[in-house]
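Here the structure comes first, spelled out in structure tokens, and everything after it is commentary.
The numbers here are math on the coordinates, done by the rules we state, and not lab data. The model shown is predicted, which means the values in this text are computed figures rather than measured ones. Ideal geometry is used to build each Cβ from the backbone, glycine not excepted, and the neighbour counts take in all protein chains shown.
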């Protein structure tokens, strides 16, 4: 049981990496209507119509981007990798899944070999692990220990995933700025990540998003993830 403590608190895998978020007023390039004939000049009604369309498009983009990052932060907090992948652009989906699959904590020997755990016994090993895995429930932690004792890797992955879900939270704190240009956007803001007994960590910065098949997806490069 020599690999607990700070190793237990590795950062969660994020589709958007150091998921630095988000929002303010989305701005779209203004449209200028030009007539082929020198007159009549554009009417105020047509100008108002173009302006209203631009404002509506900007509002829709901003709302969709806010929803994207709200959903992404929620998925991070509950360790929902499938949802994180869904909210990530095609370019980085495979990379996100690869990093999730390689997560050291998902390996059955992360906390020690079955022999090491067996020397402690089920109850003592559960007590020891729970000190670093709170607020995960004792039942969830005990299932992790039992799977290690049984040498059951599949059961371990299910059990540790439950522990991760119970022991972590992510809350969107603020959206500072959204800037939209066509089908790309930058979103700046912050969220608070809480992993097990580790103090809450505020993660802030700027993310990149793109529109794919009419839907905004996070598309921040690999620096996104530790």
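Please work out whether segment 110-161 counts as rounded, prolate or oblate from its C-alpha gyration tensor, where a ≥ b ≥ c are the square roots of the eigenvalues and a/c under 1.5 means rounded, while otherwise a/b larger than b/c means prolate and anything else oblate?
It comes out oblate by the Cα gyration axes.
Can you give me the relative contact order of segment 85-226 as a percent, contacts being Cα pairs under 8 Å and 6 or more apart?
21 percent
Would you mind giving the three semi-axes, in whole Å and largest first, of the ellipsoid equivalent to segment 80-176 according to its Cα gyration tensor?
Sorted largest first and rounded, they come to 29, 17, 9 Å.
Which residues in segment 126-155 place their backbone N less than 14 Å from a point set 7 Å from the Cα of residue 118 along the Cα-to-Cβ direction?
Under cut-off, by backbone N: 146-152.
Return the FRET efficiency for the residue pair residue 176, residue 137: r is the Cβ-Cβ distance, R0 is 41 Å, and the value is rounded to the nearest 0.05.
0.70
Counting only C-alpha contacts under 8 Å and six or more residues apart, can you give the relative contact order of segment 64-154 as a whole percent?
Worked out over segment 64-154, it gives 23 percent.
For segment 91-139, what value does the Rg/Rh ratio take when both radii are computed over Cα atoms and Rh is the Kirkwood radius, given to two decimals?
Rounded to two decimals, Rg/Rh equals 1.15.
Can you give the three extents of the C-alpha atoms in segment 152-226 along their principal axes, from longest to shortest, in whole Å?
Each principal axis gives a Cα extent; for segment 152-226 these are 49, 30, 20 Å.
Classify segment 58-101 as rounded, prolate or oblate, taking a ≥ b ≥ c as the square roots of the eigenvalues of its Cα gyration tensor: rounded when a/c is under 1.5, otherwise prolate if a/b is larger than b/c and oblate if not.
oblate
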